[in-house]
Every structure is written in C-alpha cells, then in structure tokens.
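For reference, the structure is listed below as structure tokens.
The values are calculated or read from the model by the stated rules, or taken from the named source; none is laboratory data. Because the structure is a prediction, the values reported are computed rather than measured. All Cβ positions, glycine included, derive from the backbone under ideal geometry; neighbour counts span all protein chains shown. Just the protein is used for accessible areas: all its heavy atoms, side chains included, with ligands, DNA and RNA removed. Shrake-Rupley method; radii C 1.70, N 1.55, O 1.52, S 1.80 Å.
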Amino acid sequence: MKLSTKHLLGIKDLTKEDIQLILSTAANFKDVLQRPVKKVPSLRDVTIVNLFFENSTRTRISFELAEKRLSADTLNFTASASSVSKGETLLDTVNNILSMKVDMVVMRHSASGAPHFLAQHIPAAIVNAGDGINEHPTQGLLDAFSMQERTGKLEGLKVAIIGDIMHSRVAMSNIYLLKKMGAEVTVVGPPTLIPKHIKEAFDVNVTYNLKEALQWCDVANVLRIQLERQNQPLFSSLREYNLAYGISRKLLDEVGRDIVIMHPGPINRGVELDSDVADSNNSIILNQVENGVAVRMAVLYLLANREN
Ligand code: CP
C-alpha cells in the first residue's frame, strides 16, 4: 500500500486509510526499535534536510533520530545560524539546499502555510514539522498511536483536548485525525482560547468546565498556553488559569476515573499540569516522545517509498 499524498502537510489531507497505513507501519518500526540493532537500511542513499525556522526539542531530535535509524543522510538547518538572517527568502534558501541533491525536506516554520507554499514551488517531498497555528501532523499521528497503544482503540474513544485550542496546531491535527478515525472529541478551555465556530466546523463538543470534561473522557490531551502566539492577554493570569484549567492530583481524585494523561510538550509544570500528574502512572507523556521516532520513521519511509 502507498500513501495517497506526496507530502505530509497536514492530517486534513490524509485519508483514513493513509492514517491506518502510517500507524501500522509505525508499529512495525517500533518493534525494530526494541531490537539491539535499531538501524535498518530502508532510506540508504536518501538525503533529508531538517529545516527549523522555529525552536524545537522533541520534534527536531525525533526526526533526526528517525532518519538515522532509517540510514538516511541527514542535514540540519537552523534559521538563526543561516543566511536567512542576511535577508535570504525561504524559497531561495530551500532551492539552494535542494541544488545539493536533497530528496526530502522536513520543515518547521512560525508562518501557517509555509510548507504548503514550498510544496507548490519545489520538487522534493515535504514533511510539515509544525506550521504556525495550522497543523503539526506528526504530533497528531504520534498522539493517536500512543492513545491506541494505551487504550486499544481510536474508534469510539472519548478524548478531551484541554487548554489553548485557539493557538494550537497540535489541537488542529488531533481534531482532524480523531474525527477521521471515529473518536469523540471535546475541547475544553476558557472561552477566549476556543475558536467561536469550532463546534459546527469540526463536529466537536465544547465545554468551559474542566471537571465536566474529565468526568466524560477516556483521554485528556493537555496543551500549553501558547503565550508567544498571543498578541493580547486572553485570560487574567497564569495563576487563575491554573485554578480553573490546571490538572492536579486532587482534581483527578475527585473525578475518580482512570484517565490517560497526555501532553505534547513542552510542559509548563504548575500551570496546565501539576508534576504529580505529569509524572504519574496515568501519564503517557514520555511514551508519546518514544513513539514519535517510530511514527516519523513510518512517515519518511512511506513518503520515500511512494516515489519508487
Ligand atoms: N511537541 C513538540 O512539537 O515539541 P517541540 O516544540 O519541542 O518540538
């Protein structure tokens, strides 16, 4: 089987079959990653550049590790240490890199739509590693893989996505993916951090009451407040946000249900999530990070394989 798309720009463009193919391929790669020899020759002679125009810890390391495990040749580009600071455009930067015979581009950019723009202008396959507030497709895929691994299903799963929905590309990719796979989604947060027409546009439930959402869900995917993307205050203070929407052990004990806790990272401990929840047995946060490597191996392998 092959993916229906040349690029991975967003979950929005994937079919249900594409998602199933990526998740099952990732499961095979996760098995490979448990072996003493974790490297396979699948992408030998494939050259991949990781273009990061915005900061990253998990995604960048995870892509680089996935590429190395697949035996690809990898190049890393950091905007702040490049000729972008001298005024070079995105397209010129990428075309110069591609002229050195690069096959695939992994890109993170603060502008929503930047990878879509590139896809219209260059021949290489592009993987979106997060674009502005639009999508973070490999995060959506690794989140789904981790939910399925822990709960055994996606169809019928009740997932609460909690926090700054308005500025979160992770929320968007999760919503697209979970709805395509038959999960139920509730978004939770202050009214100012939830897009107005999200219920009608994406067929999700909306609540401003965290406890109500926790009494309903199987999985709570907790998001960071994206202060760097807010150009005006959208809630009174982090302390008050924590009181209304922070997940504490006391709150989970009051709810009295065995909820799976997820977070894409980076966590702001004591704001959206307390440490005794983030580090508890309910939490699969580090499993998400582990699974990210297998999921990204699957994406890179399937996109490269599509060309053959
Ligand atoms: N989850 C995520 O995208 O983390 P980074 O910003 O560290 O890559």
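Summary of computed values
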item	result
For the chain, share of DSSP beta bridges that run antiparallel, in % to the nearest 5	5
Dipole moment magnitude, nearest 20 debye, the range 137-287 about Cα centre, only Lys, Arg, Asp, Glu C-beta charged	260
Rounded to the nearest 10 Å², the accessible area of TYR208 at probe 1.4 Å	120
Modelled FRET efficiency - R0 41 Å, SER85 with GLN226, Cβ distances, 0.05 increments	0.95
Separation in nanometres of the label points that stand 7 Å from Cα toward Cβ, at ASP253 and SER110	4.2
Surface per residue (accessible, 1.4 Å probe) for the chain, Å²	44
Loop-resident sites, the range 99-156, for trypsin sites (Lys or Arg not before Pro), counting at most 15 other Cβ within 10 Å (DSSP)	LYS101, LYS153
GNM result for the chain, Cα springs below 10 Å: residue of GLY152, GLY182, GLY292 fluctuating most strongly	GLY152
Heavy atoms of THR207 accessible to a 1.4 Å probe, total area in Å² rounded to 10	10
Charge tally in the Cβ shell below 13 Å around ASP203, where Lys, Arg are +1 and Asp, Glu are -1, ASP203 excluded	+1
Neighbour net charge for LYS30 - beta-carbon separation under 10 angstrom, K R +1, D E -1	-3
Loop-located chymotrypsin sites (Phe, Trp or Tyr not before Pro) in the range 74-163, at most 14 other Cβ atoms within 10 Å (DSSP)	none
The range 137-287: C-alpha gyration tensor shape, a/c 1.5 cut-off, then a/b vs b/c	rounded
DSSP loop GluC sites (Glu not before Pro) with at most 16 other Cβ within 10 Å excluded, longest remaining stretch of the chain	156-306
Three-way shape label, the range 1-60, alpha-carbon gyration tensor, a/c 1.5	oblate
Accessible carbon and sulfur surface of the range 137-287 relative to its total accessible area, %, 1.4 Å	48
Total formal charge among the other residues, if their Cβ is under 12 angstrom from that of LYS158, Lys/Arg +1 and Asp/Glu -1	-1
FRET efficiency estimate (nearest 0.05) - Cβ-Cβ, SER236 to ASN209, R0 22 angstrom	0.80
HIS116, HIS7, reordered so the largest accessible area comes first (probe 1.4 Å)	HIS116, HIS7
Unsatisfied cross-links (Cα-Cα over 29 Å) in the set LYS196/LYS250; LYS30/LYS158; LYS16/LYS211; LYS38/LYS179; LYS6/LYS158; LYS68/LYS101	LYS196/LYS250; LYS16/LYS211; LYS38/LYS179; LYS6/LYS158
Those trypsin sites (Lys or Arg not before Pro) in the range 221-260 that DSSP places in a loop and that have at most 16 other beta carbons within 10 Å	ARG257
